[in-house]
Amino acid sequence: QVQLEESGGGLVQAGGSLRLSCATSGRTFSSYVMGWFRQAPGKEREFVAAISWRFGTTLYADSVKGRFTISRDNTKNTVYLQMNSLKPEDTAVYYCAAGNLARRNSYEYNYWGQGTQVTVSS
């Protein structure tokens, strides 16, 4: 079993920045992909970004491309999401997820964290 724990959420003004962290524990494989999703009240869960453990290959949603950066530290077993130029529409609960060769779809991920709240004020 893989355990995930997000941190780093909070309240920030529009145009500001936040850095989210996802600490992992348990057994993982080199083929695993780490993803970030977000969900606002009354809305569906939305893909944000993903990165592969082995190669560091990244994937971004069009809505965050150029503003957000996903990275990983394999030694620390931690994945990060650097969020810059934040907008009010970025307000959501952000979830870390892990899956084998996963991409943009939530059903491709088998493990999920509890989520961390990000609120962007105007």
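Among the residues of the stretch 95-122 satisfying the criterion of being part of a strand (DSSP E or B) and of a type in the set (A, V, I, L, M, F, W, C), which is nearest to residue 32 (Cα to Cα)?
The qualifying residue nearest to residue 32 (Cα to Cα) is 98.
Applying the selection to the stretch 27-70, what residues are modelled with pLDDT of 95 or more, in contact with a Leu (Cβ under 8 Å, 6 or more places away or on another chain) and open to solvent by 20 Å² or more (accessible area, probe 1.4 Å)?
Those that are modelled with pLDDT of 95 or more, in contact with a Leu (Cβ under 8 Å, 6 or more places away or on another chain) and open to solvent by 20 Å² or more (accessible area, probe 1.4 Å): 67, 69.
Are there any pairs with C-beta distances below 8 angstrom linking a residue in the stretch 75-88 that is part of a strand (DSSP E or B) to a residue that is open to solvent by 70 Å² or more (accessible area, probe 1.4 Å) and among the charged types (D, E, K, R), with the two at least 6 apart or on different chains, and if so which?
Hits for this filter: 78/72; 79/72; 80/19; 80/72; 81/19; 82/19; 83/19.
With respect to the numbered conditions (1) open to solvent by 50 Å² or more (accessible area, probe 1.4 Å); (2) modelled with pLDDT under 95; (3) within 26 Å of residue 42 (Cβ to Cβ), which one is the sole condition not fulfilled by residue 102?
If we test residue 102 against (1) open to solvent by 50 Å² or more (accessible area, probe 1.4 Å); (2) modelled with pLDDT under 95; (3) within 26 Å of residue 42 (Cβ to Cβ), just (1) comes out false.
Having 1 or more residues that are more than 13 Å from the chain's Cα centre (by Cα) and touching a residue at least 60 places away in the same chain (Cβ under 8 Å) is the bar; report the strands (runs of 3 or more DSSP E) wholly within the stretch 1-41 that clear it.
Answer list for the stretch 1-41: 2-7, 10-13, 32-39.
The values are calculated or read from the model by the stated rules, or taken from the named source; none is laboratory data. This one's a predicted model, so the numbers in the text were calculated from it and none came from an experiment. Cβ atoms come from the backbone with ideal geometry, glycine included; neighbour counts cover every protein chain shown. Ligands, DNA and RNA are stripped out before the accessible areas are found, and what is left, the full protein with its side chains, is counted by its heavy atoms. Shrake-Rupley method; radii C 1.70, N 1.55, O 1.52, S 1.80 Å.
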